[in-house]
Amino acid sequence: MNHWIIAPIVLPAILAPFIIMVLRHHLDLQRVFSVAGSVGLLAIAATLLAQASTGEIQTYELGNWPAPFGIVLVLDRLSALMVGLTAMLALPVVLYAIGSGWDTRGQHFHALFQFQLMGVTGAFLTGDAFNLFVFFEVLLIASYGLMTHGGGAVRLKAGVQYVTFNLLGSTLFLFALGTLYAVTGTLNMADLAVRVAEIPPEDTALLRVGAVLLLLVFAIKAAVLPLHFWLPASYANAPLPVAALFAIMTKVGAYSILRVYTLIFGPDVATTEGLVGDWLLPAAMLTLAVGAIGILGARQIGRLAAFGAIASMGTLLIAVSLFTPEATAAALYYTAHSTFAAALLFLIADMVMERRGGAIIPQSPMAQTGLIASIFFVSAIAMAGMPPLSGFVGKLLVMDAARHVDHYATIWAVILGGSFVTIVGLARAGSLIFWKSHDPAYVQAEVVNEEPEEAPAPAAPEPYPGLAFASVFVLVAGLAALTIFAGPATKYTGGIAAQLFAPQDYITAVLKGEKE
Amino acid sequence: MEALFASAVGVLTAAGIFLILRRRTFPVILGLSLLTYAVNAFLFATGRLALNAPPVLNNYKEVAYTDPLPQALVLTAIVISFGMTAVIVMIALSAYLSSKTDHIDLPLAEEAGEDE
C-alpha cells in the first residue's frame, strides 16, 4: 500500500496536538512548526499530485480491512488536485497570520489551523460517506475555534450563528446518510454506486429523498443561494485571514457535490437523472446574481469579500451543475482560480481593515495606500474575471462549456451580467476607499458624519509587515501562474473530468473486483 | 413499534426545529440537542428494528440478529453531537457575557450592513 495517501491527514493530526501540548507557551516555536507543517503538506501534496497524474486510482485501506467493510482513502486526480489546492492556500495564509500578528490575538491559532487542514484534506481523500461526515465535523470544529479567534462581542455572536447553522447541517447530513444506509446497506462510496445502480427505479423514492437531502447538506457548505445566509455574517466577522482559509471550505461543498453526483448518483443512473442538475443550475445562477449584487451593496470591506466568495461559488456551481466533462473541467479550473482570488480579496480586506477600519467610505489615507491599492486592483480583476488574470480564462471556459446546453443564453446572460455588476461594485469600493481618501474636501465632509462610529480596531502593530505582503504576493503569483500555465492546467482538469465521468475505474479500484 | 418509533423521531424533530427558530440562544441550543436526539434515534432505526437480537452476524439463518453498523454510527454521532453541543454552549456563554444579551441575531449597527 502507498502510505503517502494518508500522510496529508496524519501530518497535521500529529502536529496539532504537539503544538497544543508541548509548545503551548512558545509562540515562536509554534510558528516555526506550523509553517514547517504547511511546507511539509505542500511537499506531500506535490508528491500525490505527481502520483495521481498518471491516471491510476490508488486506495489506502485503513487497518487493512478490505473495501466495503473498512474505511478506504482514495487518491484519484480530483482528490490530489484538491489536496494540492489546500496546501497551496495554507502556506500563504499561515504566513500572513504570522506577519499580521493575528496569531497573537488569541490562543491556539496554529493548533486549530493544523486541525482545520487535517479535516479538509481528510474530506478530500476519503472514499466512505460516513467518514466524509466525520472529516466534515473535524474541519468544522476547528473552524469554530478559528472563527471566534480573538474574541469580541460581535464575533462571538456571529460565531453562535455559524455554529448553529453548521450543527443543523450536520444533523441533516446524518439524516441523509441514514436514509441512504437504510436503502442500500452500505456507506462506502464505490459500493453505494454499485448498489444504487442495481435498485429498480420503481423502488427508489427513499433513495431520491436521500440524494436530495445530501445535496442540501453540500449546498449549505457551498453557500448555494437559499442556504447561503450563514456566509456573509460569519466570514465578515471572522478574523479575515481565517476567512481566507475558509475559501477552501466552500470548495469542500463543491467537491462533495461533484464526487457524489458523478460517482454514486451519476448522470447515467436512471433513478436520480436530472434530479440534481435541474435544481442546482437555477440555484447557482441565483447565487451568482446575489453575490454580485451583494458586492455592489456592501458597506464594509469584509462583507464585500464574503459576497465575492459567494459570487465565485455561483459561477463554479453553474459549471458543476451541467454535469458534462467539459463543464466539469472548466469548473475545476475555476475552483483553483476562485480559491486563490477569494483568499487574496480577504487578505487585502484585512490589510485595509487593520489600517483604517472596514467601512467603505472615504477617510484620510492610510499607510502604504499605493501598494495596497494596487494589490486590491489585482484581486478585483481576478475576482471579476477580467483579462489578463485567470478568472477571465475560467469564465471563458465555463461559458464555452455551456454553449451546447438548452438554456445557454440565460447562463451566458447571468455570468456576463454578474461579472459586470461585480466590476461596478469592486470599482465603487476601490475608488471610495483608495481614491476619494486623497480628496480633502470629500473626506472632511464625510468625517463629520461617519468617523465616530467606526473606531479602528485597537490592534497591535503588524510584527512583520514584510511577511504579510510577501504572502499576499505568493497568492498573486499563484493566480499569475494559473493564467500563464492555463494550457497544462486545463489539460490536467480535463484529465480529472474524464476520470470522474468513468466511475467504473474508481469502483474497481476500490472494490478490487470482489463484487463480480 | 415502528409507528411509535417513527412518531417519536418526528415529534423530536418538530420540537427541535420549533425551538431552533426562537430568537434566544438557550432555546436554540435546546432545539439543537432535541434534533440530535432525533437523528440518533433515526440512525439507530436505519438497520431495521429488531428486538432481543444480538448485534453479531451468525451462521444460523433462523436466528435473528440486529445490524451492528448503525450502532457504531450512532455511537460516533452521539460523541460528535455531544462535543458540538458543549462547544456551542461555551461560545454562546462567552457571547452572552461579552454582549450582555442572549439574542441570537447580530445588532444591526455592528453588522455594518443592511443584509438579509
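The values are calculated or read from the model by the stated rules, or taken from the named source; none is laboratory data. Because the structure is a prediction, the values reported are computed rather than measured. Cβ placement follows ideal geometry from the backbone for every residue including glycine, while neighbour counts extend to all protein chains displayed.
Observations on the structure shown:
- Counting the residues of segment B:1-47 that are in contact with a Pro (Cβ under 7 Å, 6 or more places away or on another chain) and polar (S, T, N, Q) gives 1.
- Scanning segment A:287-304 turns up no residue that is over 20 Å from the mean Cα position of the chain (by Cα), free of Cβ contacts under 8 Å to residues at least 24 places away in the same chain and over 20 Å from residue A:382 (Cα atoms).
- Among the candidates A:288, A:227, residue that is among the hydrophobic types (A, V, I, L, M, F, W, C) and modelled with pLDDT under 90: A:227
- Qualifying residue in segment A:37-53 (condition: free of Cβ contacts under 8 Å to residues at least 24 places away in the same chain, surrounded by fewer than 22 Cβ atoms within 10 Å (Cβ to Cβ) and more than 14 Å from every other protein chain (Cβ to nearest Cβ)): yes
- Qualifying residue in segment B:75-82 (condition: modelled with pLDDT under 80, part of a helix (DSSP H, G or I), on the phi < 0 side of the Ramachandran plot and at the interface with another protein chain (Cβ under 9 Å from one of its Cβ atoms)): no
- Test result for residue B:63, within 11 Å of chain A (Cβ to nearest Cβ) and surrounded by fewer than 13 Cβ atoms within 10 Å (Cβ to Cβ): no
- Restricting segment A:171-225 to residues that are in a loop (DSSP other than H, G, I, E, B) and facing another protein chain (nearest Cβ under 10 Å), the residue that is surrounded by the fewest Cβ atoms within 10 Å (Cβ to Cβ): A:185
- Residues of segment A:278-335 satisfying the condition of being within 14 Å of chain B (Cβ to nearest Cβ) and closer than 18 Å to residue A:399 by Cβ: A:291
- Test: residue in segment A:353-370 that is in contact (Cβ under 8 Å) with a residue 24 or more places away in the chain, out of contact with any Lys or Arg (no Cβ under 9 Å at 6 or more places or on another chain), of a type in the set (A, V, I, L, M, F, W, C) and away from chain B (no Cβ under 14 Å): no
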